[in-house]
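A.B. asks: First the structure, which I've put down as structure tokens, then a few questions once you've had a look.
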Amino acid sequence: HMVRDDQGRTRARDYRFRTPSGQVLMGVAAWVNPLWRGNVQVRDGVDIAIVKLDGLITDIPAPATLYAGTRELGQRAVLVGFGYRGVGRYGAGLRFGEHGLKTDDDAGNALEIDFDSLTGVSKNPLGDPTPTPLEGVLASGDSGGALWVQFPGGWRVVGVNSAGRDAITNRISYFARVSTQRAFIQSVFPGARFDQGEAARGPRRR
């Protein structure tokens, strides 16, 4: 939803992309998953796009490996985004510094997390009401970031930040599931790396 406007046009050139060392690259083209219906309120889990940049990223050791398995449910995940900061009691907003909706139309492809409250746990929207350390949800500006899970084989990207609301407790955030979109991703970027997150096996002993 970041690179397509209301008229269905892609807007890759409207964005700058900053690498870890501060290098700034511009978008020159974008491909949006053709299954996406253009409405972020529809939780179908296919809100994903691939952007081509005007230069090479040279300051990371290797591109992220994408997850191709089916064991996302119940895993502890790390959200990466560049949105507003906040705390669960008040939500996100400028008072905490600069950047730095459940519906019935869910095709089962979206990954969902909730933000449990330390009080009033009966309001917990999903699953176990016990908060995990550093629990949270998405805020405005986090769209397009990565959802990471550490598997035995290392960290894998399992989702792409799609939608959240308020960054306050008892809310839900949604992510486009990566493992089910492998065909689209590799049709645009054949070199994208996927695996099951399993640890490498050593040589067999005879």
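The values are calculated or read from the model by the stated rules, or taken from the named source; none is laboratory data. Since the structure is predicted, the reported quantities are computational estimates derived from the model, not experimental observations. Please note: Cβ atoms are built from the backbone with ideal geometry, for glycine as well, and neighbour counts cover all protein chains shown. Ligands, DNA and RNA are stripped out before the accessible areas are found, and what is left, the full protein with its side chains, is counted by its heavy atoms. Shrake-Rupley method; radii C 1.70, N 1.55, O 1.52, S 1.80 Å.
A.B. asks: Let me cross-check Y174: its accessible surface, 1.4 Å probe, with only protein heavy atoms counted, in Å² to the nearest 10?
C.D. replies: That residue has around 10 Å² of solvent-accessible surface.
A.B. asks: What does the net charge come to around P133 if you take all other residues with beta carbon closer than 15 Å to its beta carbon, with K and R at +1 and D and E at -1?
C.D. replies: Around P133, the charge tally is -2.
A.B. asks: Compute the signed sum of charges (Lys and Arg +1, Asp and Glu -1) over the other residues within less than 15 Å, Cβ to Cβ, of N33. Before the final figure, lay out the partial values.
C.D. replies: Working: positive: R4, R37, R43, R177, R182; negative: D44, D47.
After counting each charged neighbour, the total is +3.
A.B. asks: How much accessible surface does M26 have with a 1.4 Å probe, in Å² rounded to 10?
C.D. replies: 60 Å²
A.B. asks: Here's another thing I want to ask about it. Taking a 1.4 Å probe, which of T19, T130 shows the most accessible area, and what order do the others take after it?
C.D. replies: T130, T19
A.B. asks: With every protein chain left in place and a probe of 1.4 Å, what is the accessible surface of I113, to the nearest 10 Å²?
C.D. replies: Roll a 1.4 Å probe over it and I113 shows about 40 Å².
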